[in-house]
Every structure is written in structure tokens, then in C-alpha cells.
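**Student:** What follows is a structure written as C-alpha cells; I'll ask about it next.
The values are calculated or read from the model by the stated rules, or taken from the named source; none is laboratory data. Keep in mind that this is a model prediction, so the values were computed, not measured. Here the Cβ positions follow ideal geometry from the backbone for every residue, glycine too, while neighbour counts run over all protein chains shown.
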Amino acid sequence: MGTLLAFLPEAVEKLRAHIRLHHGRNAADVSFRRQVEELISSFYDDIDVIVQIPLRSFFQLLVIKALYVDRASTDADVIDYLSDMLTRYLYARELFPFLGKGGGARPFYFSYLLEEMQQGLRHFQNLFEACRRYGDNALFLTGIFPQFFRRRSRSGAFPEPSYYISTGKSCYHMAAQHELAQVTQLRPALLQLARHFETYMLALNDISQRYIMGLDMNLLADKMLDAFNLWRQTGDEHHLEKARRYAALLKVDSTRFPSLFQRGRYRSHN
């Protein structure tokens, strides 16, 4: 495991402390950005080694990158909220909040929440949790599964994205107005989620595409070239093999990069 990943929780906590210290304004200076980029880059260093990392720290780092670094967010509460939401959904059975009992995908509607309210909230402890969960479902669905969601919408199996955006906003707003929002100190974050739902949805789109459902191809390409250049400089076959592994992930065409796939003893170009 890379040295940076070994200290991931401590490094992320320092980033979070910096964000909270400057809550209300963005303080992602050059040094802060470099720390975030180096930590994310370290995930791709040893692609042939399986490592275990604290999931919550991992998602905190990704949200910091997508929101605080890339979108100049100023709200520490929302960053913590979204990190916790991702950890909860992607670590537990809530991974697919829109799956039915048989495992098939099914849409959820705002009317379900109204039915819950009329029937005494059979599935939730209180209205606050019901509204918050429906808001989270809408944000998670449109944020983490945009491609799946769009296909289902085109086929008529799901409503259009605009429906879930408006539903998410309404549910977060209702949750924010509940007295428990004050007790749990979640009111500021819930109000931000209601007002800027689309911004957070797009941030989750980035996280999903680059780190959860896909890979950061630009970063992989840089890693491949770095490993290839090290092989050319040193002749160490380990670097060449590492470059080939990155190339496999990138689906590099061997005919367009023949030096990467050549066999036999290394010959210096000097």
C-alpha cells in the first residue's frame, strides 16, 4: 500500500478540519488542492494490489474533490452530509433504494411519501426521517446512476429526471422545516440540499463516473506514461508490466503503441 493511503483517515480529517475552519467560504488554495489530488492519485499507484481503506474516509475525499475543489463549495455541513449518505447507501443494503422485493428496479414516487403520512408512517419512525430518506433516494438515484436512470426514463419505466429533482427538493425542504431538523442540527444542510439539488446531483455524477462506476481515465493515462518512461530510463521490467496493466484498463490499441507491448530484452535508446 502506498504511504499516502496508509494515512488516509488522518489526511482526510485534516482536510475536513480545514474546510470546517473556513465554513462559509472556499479556502481550497494550491496546497489544499495538491493534497487532495495526491491522495486520489495514490489510489491508482498499485493497481495489482488489493488494499483495504476506510470507506467513510474514501467518500469524504471524493466529495471534497467534487464539491470543494472542483465546484468551490463553501458548506462544510453539506460535504459531511453527502459523505455520510454515500457511505450509508454504498456500504449497506440501501445500495439500491429503488429495488423492489424481487430485485427488479422500480421507481419511487412522491405519492408514496403521502401514503406513508396518511397511514401513520409504517416504514419510518417519523415524518422527518421519511422526508429526508425520500430526498436522499432522489439525489442518490439521479447522482450515482445517471446512465441507468436515463435508460429507464426513456423506456417509460421511470419518470423523467425533472420529476426526481423536484421531488428531492420538496422532500429536503419538508425535512428542513421539521422540528427534528433543528434538534439533529441538520437544518442548514437540508436547506442547502433543497436549494441547490442540481449542483449536488452533478457532483455525484462526477464521483460515480470517475471513481465508483468508472475510472479516472486521464489519471490512468498519466500513470501509464510515467511507468513506461521509468521502464525506458531504467530497463526494469516491473515498470513495463505496470504500464501494461494501466494500458489494459485504458484498452490501449497495441498497434498504436507497439513499444508498450514489445517482448524481449530492453535495449537502451542512448
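**Student:** Considering only segment 109-182, give the helices (runs of 4 or more DSSP H) lying wholly within it that have at least 3 residues that are modelled with pLDDT of 90 or more.
**Tutor:** It comes to 127-144, 161-177.
**Student:** Related question: Give me a count of the residues in segment 6-44 that are touching a residue at least 40 places away in the same chain (Cβ under 8 Å), part of a helix (DSSP H, G or I) and either farther than 16 Å from residue 59 by Cβ or among the hydroxyl-bearing types (Ser, Thr, Tyr) (or both).
**Tutor:** 3
**Student:** What pairs can you find where one residue is in segment 158-177 and among the hydroxyl-bearing types (Ser, Thr, Tyr), the other is part of a helix (DSSP H, G or I), and their Cβ atoms are less than 6 Å apart, with a gap of 6+ or different chains?
**Tutor:** Taking only residues 6 or more apart or on different chains, the pairs are 164/138; 164/142; 167/110; 167/138; 172/135; 172/190; 172/193; 172/194.
**Student:** Which ones in segment 180-191 are surrounded by fewer than 21 Cβ atoms within 10 Å (Cβ to Cβ) and under 11 Å from residue 169 (Cβ atoms)?
**Tutor:** Across segment 180-191, the qualifying residue is only 191.
**Student:** Can you pull out the residues in segment 63-72 that are crowded, with 23+ Cβ neighbours inside 10 Å and not charged (D, E, K, R)?
**Tutor:** The initial filter retains those residues of segment 63-72 that are crowded, with 23+ Cβ neighbours inside 10 Å, namely 63-68.
Hits for segment 63-72 are 63, 64, 66, 67, 68.
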